[in-house]
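Before any comments, here is the structure.
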Amino acid sequence: MPTETPPTTAPTPSPASSPSAATSDARPTLSSQPANEYLQSYDAYINDFEAAYQAMKQGDMTKYQIVIQRARELQTKGEKLGGELSPDEEKRFADYLNKKADELAQFASQNR
C-alpha cells in the first residue's frame, strides 16, 4: 500500500535553500554575510518604519527614534558592502531592495 503525503497549501521556502531557488518575494541568501546582514537590517527597518508611521499618526513620536537608529545602521552597513557581491547577486540584492521600497511606498500611500 503506497504512503500518501497530505497536500500542503503552499510551499514554504527554506532559509537554507540555494540562492537560485529563492523566490522573488523571499529575501535572497547571498554569498556575502555582510550583504545578508544588510538585508536583515533593511527588513527590520521596514517593520520599524511601519510601526512608527502608525504611532506617529496617533501622535506618538517615540518609535521614530528606532527608525532613525535603523537608518543609521543601514548606512553604516551599506558603506561596507563595496565589491562584496557578484554581478548576479548585485542584481538580486538591488531587485529585493527595490521591491521592498515599492512595498513601503504603497504602505505609506494606503495609510495617509
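No lab work stands behind these numbers, since they all come straight from the coordinates. Just so it is clear, the model here is predicted, and its values are computed rather than measured. Cβ sites come from the backbone with ideal geometry, for glycine too, and all protein chains shown count toward neighbours.
Overview of results
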read-out	value
Ranked list, fewest to most other Cβ atoms within 10 Å of each Cβ, for Arg70, Arg112	Arg112, Arg70
Which listed pairs, of Lys80/Lys100; Lys63/Lys91; Lys57/Lys99, have C-alpha distances above 27 Å, in listed order	Lys63/Lys91
Shape call, region 34-112: gyration tensor on alpha carbons, a/c limit 1.5	oblate
